[in-house]
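Colleague: One structure, as structure tokens, below. Some questions next.
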Amino acid sequence: LSGADLRSAVLSGADLSGAVLRSADLSRADLSRADLRSADLSRAVLSGADLRSAVLSGADLSGAVLRSADLSGAVLSGAVLPPIPVVPDIDKAVLAAIEAGGELEMGGWHVCETTHCRAGWHIHLAGKAGYDLEAAIGSAAAGALIYAASAPDLPVPDFYCSNEKAMADLRERAERISV
């Protein structure tokens, strides 16, 4: 399926493990819960794609366009990705920043210097490298990839839930042993 035009395709739950989707246009496609293990998605356009809870273990995402893609809950262990900054003990770091006077506001990526949504905190705590990644691929994808690189054994958090659910999940994850 190299170069295929699959814009807005509904592939939710599909088994695409090992598929060759190099340079395919999957913008706005529904790939939620799809099995994309070891798939070749290099240079694929995934702008606005729904990749919630997709399995992308070992997938090649080099050069993929991920602007506005939703990677909440995606499994990215072993995926080939662009250089991603790592935030040590990311959940503990976000919680510590909030407890030190910052705020969590899931309704906006970066409300101000001390108020961010969860993905916004991932980007902010990664510093210049995080903001550079955000500029290149968008806020949701950057926050998700920073999380995946920083906590490779955990699924990406839900960036679209309520403040209360996000804080509860953040506290639960911060209590786990971090990488």
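The values are calculated or read from the model by the stated rules, or taken from the named source; none is laboratory data. All of these numbers come straight from a predicted model, not from anything done at the bench. With ideal geometry, Cβ positions are generated from the backbone for all residues, glycine too; neighbour counts draw on all protein chains shown. Side chains are part of the model used for accessible areas, which takes the heavy atoms of the whole protein and leaves out ligands, DNA and RNA. Shrake-Rupley method; radii C 1.70, N 1.55, O 1.52, S 1.80 Å.
Colleague: Arranged from highest to lowest average of other beta-carbon atoms within 10 Å per residue, in what order do the peptides 60-71, 13-24 appear?
Modeller: Output ranking for 60-71, 13-24: 60-71, 13-24.
Colleague: Sort Y131, Y147, Y160 by accessible area with a 1.4 Å probe, largest first.
Modeller: Y160, Y131, Y147
Colleague: Within a Cβ distance under 11 Å of L56, other residues only, what is the Lys/Arg minus Asp/Glu net charge?
Modeller: -1
Colleague: Taking 7 Å along the Cα-to-C-beta vector as the label spot, tell me the V20-D132 distance in nanometres, rounded to one decimal.
Modeller: For V20 paired with D132, the spin-label model returns 3.3 nm.
Colleague: Scan (1) 0.99; (2) 1.91; (3) 1.09 for the value of Cα Rg over 2.2 N^0.38 Å calculated from this model and give just the label.
Modeller: It is the value labelled (1).
Colleague: Still on this model: Heavy atoms only, 1.4 Å probe, whole protein assembly: order W121, W109 by accessible area, highest first.
Modeller: Heavy-atom accessible area, descending, gives W109, W121.
Colleague: Moving on to the next point. Mind checking the dipole of the chain: about its Cα centre, +1 per Lys or Arg Cβ, -1 per Asp or Glu Cβ, Debye to the nearest 20?
Modeller: 320
Colleague: If you restrict to DSSP beta bridges whose two residues both lie in the chain, what percentage is antiparallel, to the nearest 5?
Modeller: Roughly 10 percent of the beta bridges in the chain run antiparallel, per DSSP.
Colleague: Quick one: length gained pulling D153 to R176 fully straight, 0.36 nm per residue minus the C-alpha distance?
Modeller: Additional length available on full extension: 7.2 nm.
Colleague: Heads up, I need the accessible area for L133: 1.4 angstrom probe, whole protein in place, Å², nearest 10.
Modeller: Near enough 20 Å² of accessible area.
Colleague: Find which of F159, P85, T114 sits farthest along the positive direction of the dipole of the range 78-177, computed with +1 on the beta-carbon of Lys and Arg, -1 on that of Asp and Glu, about the Cα centre.
Modeller: Comparing the listed Cα positions along the dipole, P85 ranks first.
Colleague: Please give, to one decimal in nm, the separation of the simple spin-label points placed at C161 and S77, each 7 Å out from Cα toward the Cβ.
Modeller: So the label points at C161 and S77 sit 2.0 nm apart.
Colleague: Which order do you get for C112, C161 if you rank them by accessible area with a 1.4 Å probe, largest at the top?
Modeller: C112, C161
Colleague: Taking the Cα centre of each part, how many Å lie between the range 20-41 and the range 105-150?
Modeller: With the range 20-41 and the range 105-150 each reduced to a Cα centre, they are spaced 23 Å.
Colleague: Another question, then. How many nm is it between the label spots at V10 and A100, if each spot is 7 Å from the Cα in line with the beta carbon?
Modeller: Taking the two extended label points, one gets 4.7 nm.
Colleague: How big is the accessible area of K128 in square angstrom, nearest 10, if you roll a 1.4 angstrom probe over the protein chains?
Modeller: 150
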